[in-house]
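K.L.:
Just dropping this structure here.
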Amino acid sequence: MKFFIDTAELRDIKDLAATGMVDGVTTNPSLIAKSGRNFLDVIAEICEVVAGPVSAEVTATDFETMLVEGRKLAKIADNVAVKVPLTWPGLKACKALSDDGIMVNVTLCFSPAQALLAAKAGATFISPFVGRLDDIATDGMELISEIRQIYDNYDALKTEILVASVRHPRHVIDAAKMGADVATLPPSVLRALASHPLTDRGLEAFLADWAKTGQSVL
Ligand code: G3P
């Protein structure tokens, strides 16, 4: 399973990339706004740090402008994945950009029907938003299970399931159990994956006992 990180903060990206756990990065207009930085500059810098796919989202809503924006974003680096919304113009742009050999991430997916359309449009990634479904009392992970089942029924559907709007480690574990290809994690969730109170307590006890021996490995 691949881990992407869902942020436009270079400091977090560099810090987590050094752990070897980061296979790609996703951004969206809200994350770019939060960074306070120039969109094109940030994407270029992220692409230098991470070799895997870096999602950069179009902001137009009509097909023609999406295509122009998508082609411009794709020129920033070979590892840019152009993100388009799950609308009819977005699906059309997905098909056109994919036909050009550009990676496309179709975002804002909230139903299995939408995911099926994105795969037929040649999407490299489909981004179902699990946390936002949970927020409205709908089981977000059930959507992942349904998409997995649909994609597995057809060899021709090559789209990778990229679980987005991840809020906590349980989402990551459930996504892995369902065979999702990728999860994009806020930096805090990726960091939380390594945490366990029994690990902390166990290490504390080992170090206290070790200190009593008066020995040193070095
Ligand atoms: O990048 C898309 C997605 O991960 C956003 O998550 O937390 O804003 O619902 P969230």
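The values are calculated or read from the model by the stated rules, or taken from the named source; none is laboratory data. All of these numbers come straight from a predicted model, not from anything done at the bench. Here the Cβ positions follow ideal geometry from the backbone for every residue, glycine too, while neighbour counts run over all protein chains shown.
K.L.:
Being over 18 Å from Ala115 (Cβ atoms), buried (at least 20 other Cβ atoms within 10 Å of the Cβ) and within 12 Å of the ligand (Cβ to nearest atom) is the filter here; which residues of the range 140-185 pass it?
P.N.:
Matches in the range 140-185: Leu185 only.
K.L.:
Right, next: Only one of these is of a type in the set (A, V, I, L, M) and under 27 Å from Gly101 (Cβ atoms): Ala8, Ala33. Name it.
P.N.:
On the way: Ala33 fails: under 27 Å from Gly101 (Cβ atoms).
Only one candidate qualifies: Ala8.
K.L.:
Here's something else I'd like to know. Within the range 46-59, restricting attention to residues that are surrounded by fewer than 17 Cβ atoms within 10 Å (Cβ to Cβ) and assigned to a helix (DSSP H, G or I), which residue is farthest from the chain's Cα centre (by Cα)?
P.N.:
Checked the range 46-59; the qualifying residue farthest from the chain's Cα centre (by Cα) is Glu48.
K.L.:
If you go through the range 104-111 one residue at a time, do you hit one that is of a type outside the set (A, V, I, L, M, F, W, C) and within 14 Å of the ligand (Cβ to nearest atom)?
P.N.:
Among the residues of the range 104-111, at least one is of a type outside the set (A, V, I, L, M, F, W, C) and within 14 Å of the ligand (Cβ to nearest atom), which makes the answer yes.
K.L.:
Here is a follow-up. Scan the range 60-78 for residues that are exposed (fewer than 15 other Cβ atoms within 10 Å of the Cβ) and assigned to a loop (DSSP other than H, G, I, E, B) and report the count.
P.N.:
The total comes to 4.
K.L.:
Only residues that are under 10 Å from the mean Cα position of the chain (by Cα) and either more than 12 Å from the ligand (Cβ to nearest atom) or part of a loop (DSSP other than H, G, I, E, B) (or both): list them for the range 25-36, please.
P.N.:
Matches in the range 25-36: Thr27 only.
K.L.:
Give me the residue from the range 56-97 that is without any contact (Cβ under 8 Å) to a residue 40 or more places away in the chain and of a type in the set (Asp, Glu) and, out of that set, farthest from Leu162 (Cα to Cα).
P.N.:
In this case the residue turns out to be Glu64.
K.L.:
Restrict the check to the range 4-13 and report whether at least one residue is over 14 Å from the mean Cα position of the chain (by Cα), more than 14 Å from the ligand (Cβ to nearest atom), farther than 25 Å from Ala176 by Cα and surrounded by fewer than 21 Cβ atoms within 10 Å (Cβ to Cβ).
P.N.:
yes
K.L.:
In the range 124-137, how many residues are under 18 Å from Phe4 (Cβ atoms) and either within 15 Å of the ligand (Cβ to nearest atom) or at pLDDT below 95 (or both)?
P.N.:
Keep residues of the range 124-137 that are under 18 Å from Phe4 (Cβ atoms), which gives 124-132.
So of that shortlist, the ones also either within 15 Å of the ligand (Cβ to nearest atom) or at pLDDT below 95 (or both) come out as 125-132.
Result for the range 124-137: 8.
K.L.:
With the structure loaded, tell me whether Lys95 is assigned to a helix (DSSP H, G or I) and more than 14 Å from the ligand (Cβ to nearest atom) or whether it fails that test.
P.N.:
Against the criterion (assigned to a helix (DSSP H, G or I) and more than 14 Å from the ligand (Cβ to nearest atom)), Lys95 qualifies.
K.L.:
Please verify whether the range 38-57 includes one or more residues that are within 12 Å of the ligand (Cβ to nearest atom), out of contact with any Asp or Glu (no Cβ under 8 Å at 6 or more places or on another chain) and not small (Gly, Ala, Ser).
P.N.:
Yes, some residue in the range 38-57 is within 12 Å of the ligand (Cβ to nearest atom), out of contact with any Asp or Glu (no Cβ under 8 Å at 6 or more places or on another chain) and not small (Gly, Ala, Ser).
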